[in-house]
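Just below is one structure, and these are the notes that go with it.
Just so it is clear, none of the values below were taken in a lab; they were calculated from the coordinates. Computed from a predicted structure; not experimentally measured. Ideal geometry is used to build each Cβ from the backbone, glycine not excepted, and the neighbour counts take in all protein chains shown.
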Amino acid sequence: MSTITQTLSRLGATEPAVGVMTGTDWRVGHGELCEVMSPIDGSHLASIATATEADVESTVAAAQEAFLIWRSVPAPQRGEFVRKIGERLRMHKSDLATLVTWEAGKITQEALGEVQEMIDICDFAVGQSRQLYGLTIASERPLHRLAEQYHPLGAIGVISAFNFPVAVWAWNAMLAFVCGDPVIWKPSEKTPLCAIGCQAIIRQVLEDSPDVPNAISSVLVGRAEVGQAIASSSGLPLVSATGSVPMGRAVGKTVAARLGRSLLELGGNNAMILAPSADLELALRGIVFAAVGTCGQRCTTLRRLIVHQEIAEACLDRLKKIYANLVIGHPEQDGVLVGPLIDGRAWEAMQSALAAAQAQGGRVTGGEKLNTGVPEGGYYVRPAIVEISADAAIVHEETFAPILYVMRYNSLAEAITIHNNVPQGLASSIFTNDVCEAEWFCSASGSDCGIVNVNIGTSGAEIGGAFGGEKETGGGRESGSDAWKNYMRRTTNTVNYSHELPLAQGIQFDV
Ligand code: UN1
């Protein structure tokens, strides 16, 4: 038996070709087969019968029925369901990480880290299940109470990307569950086995939770048509989508046309400002993890380094040496820091971005495909450093590959202007030991991103904060802080406990 088959069977997922899963009820989809390949060596992992639009419809109908039950279960009891999911995730942490590694190509450490994010959001959501608070507001009328309540919203659609094939679903689903909402998940067609593994965990918990409606959690494997069917389904009041800007535009437009809510977490073109006062050794570690981690395929990957003129040479010297010695290879091998790109298309996109950078005056170091010391059949690359002008067109684009554009600055004002002058606004960072610079970067006239870090790289956010960004990143906030409010509807209740009927704004209207 292959590693994947063994891993799936430990999770309890022994059915072949299943692409439509509603709770414990798993069946083959009516759509074409989705062939799953491993980025590690191009090996064929599975063929899965995908969902069709009719499958989407029946799944939405089941989720809507589940909602009618789940919304009336007290929130702390809904939290108990999520607590059990967290327990199972702890038991199967390395199984899920194995699926992440084989399907997304992440090194073991990062795959384990991703499953840890799932466990963390479970804990967070369990706590949140007792804190779905509304405000009590002073009423302007005598003997009136003005207060807010948060109620479950309905069934939620979640569309996720290959690069975080389990955690992003968990951020959405665990909050949605405690908020009283069933979830329908369309994972990336590149990583359906990860979703099957997650649904197997849900199935384990459902078998142990007779009071939880079966259609609380569904998975639909499919391509963009399935995503579009989810986006256009009026049975899903909220669609949360993570992925590229074009995908987000399509989903956002469709959801907006039916006046639904969308929660978008799209591309990033994340930068770090490296100031002269920074601890260079610390900064280098921050740069390298953020720029080459997950082979440059995180939304939060560091893509632009804006370094002060005075320290640029020293920094580039050190960085090039570190890049030249990076251990690249099989993501399960000890000591490897950089695994493969997801597929050949990612490699082509990287090559065309590097060619464009060169044509626009950039000086490229690295970026070549490795053919020795790495598994055959995968796309393994040496991460690239590109010294380039901040004005070059390519610098304004997100290429989902390990390319770090390096540009220089003289004043912090100039650095912040360069920093913000891209269409995306997800994660940002400054390395400085000057408190005034740090505070400026965090201020209203500093970074325009959703995530603003000081003396930390751009990637690797904790789940406790709200995650997301501005501009073309889509404006959504997932995960911690008050992101739970996305999954609920707020009512404003005004209760008159007097025997008069005073009108607001002092209006007199005697009948
Ligand atoms: C993503 O790339 O879509 O901050 C999510 C990070 C991770 C999440 C990234 N915690 O890098």
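DSSP assigns beta bridges within the chain; of those with both partners inside it, close to 45 percent run antiparallel.
From the P(r) of segment 102-177, could you give the percentage of C-alpha pairs in the tail past 14 Å? Tail of the P(r) past 14 Å holds 71 percent of the pairs.
Convex hull volume of the Cα atoms in segment 1-54, per residue, in Å³? Present the calculation step by step, with values, prior to reporting the outcome.
Working: hull volume 4.8 nm³, N = 54.
Taking only Cα atoms, segment 1-54 has a hull volume of 89 Å³ per residue.
With 0.36 nm allotted per residue and the present C-alpha distance subtracted, the CYS442-ARG223 stretch has 74.9 nm of extension available.
Computed over segment 225-270, the Cα gyration tensor eigenvalues convert (square root of 5λ each) into semi-axes of 19, 10, 8 Å, ordered from largest to smallest.
For segment 143-227, just run the numbers: alpha carbon Rg, then divide by 2.2 N^0.38 Å, N being how many residues it has. Don't jump to the answer; show the numbers that get you there.
Details: Rg = 15.3 Å, N = 85, 2.2 N^0.38 = 11.9 Å.
Scaled against compact globular proteins, the figure is 1.29.
Note the per residue figure in Å³ for the convex hull of the C-alpha positions in segment 1-106.
Numbers: hull volume 12.5 nm³, N = 106.
Residue-normalised Cα hull volume stands at 118 Å³.
Excluding same-chain residues fewer than 8 positions from LYS485, which aspartates and glutamates have a Cα within less than 17 Å of its Cα? Candidates past the 8-residue exclusion: GLU148, ASP181, GLU265. Semi-axes of the equivalent ellipsoid for the chain, computed as √(5λ) from the eigenvalues of its C-alpha gyration tensor and ordered from largest down, come to 40, 32, 19 Å.
In segment 175-299, one over the average inverse separation of all distinct C-alpha pairs is 17.4 Å, which is the Kirkwood hydrodynamic radius. Take the Cβ-Cβ distance between GLU35 and GLN149 as r, set R0 to 51 Å, and report the resulting FRET efficiency rounded to the nearest 0.05. For GLU35 and GLN149, the calculated efficiency is 0.60. Subtracting the Cα-Cα distance of ASP510 and THR491 from their residue separation scaled by 0.36 nm leaves 4.0 nm. The three principal axes of the Cα atoms in segment 388-471 give end-to-end lengths of 34, 29, 21 Å, sorted in falling order. Amide H to amide H distances under 5 Å link GLU470 with GLY425, LEU426, GLY450, GLY475, where only residues 5 or more positions off or on other chains count and H is placed in the peptide plane.
As an exercise, use a Förster radius of 35 Å and the Cβ-Cβ distance of ALA349 and SER411 to find the FRET efficiency, rounded to the nearest 0.05. Kindly include the intermediate steps, with their values, before the conclusion.
On the way: r = 34 Å, r/R0 = 0.97.
Result of the calculation: an efficiency of 0.55.
When all alpha carbon pairs of segment 76-129 are counted in 10 Å bins from zero, the resulting P(r) reads 29, 44, 22, 5 %. Counting only Cα atoms, segment 367-511 measures 87, 44, 29 Å along its principal axes, largest extent leading. Using equal-weight Cα scatterers in the Debye expression, the normalised intensity of segment 257-350 in log10 at q = 0.10 Å⁻¹ is -0.37. For segment 450-511, the extents of the C-alpha atoms along the principal axes are 65, 22, 21 Å, listed from largest to smallest.
In a fully extended conformation the segment linking SER47 and ASP279 would gain 78.5 nm over its present Cα-Cα distance, using 0.36 nm per residue.
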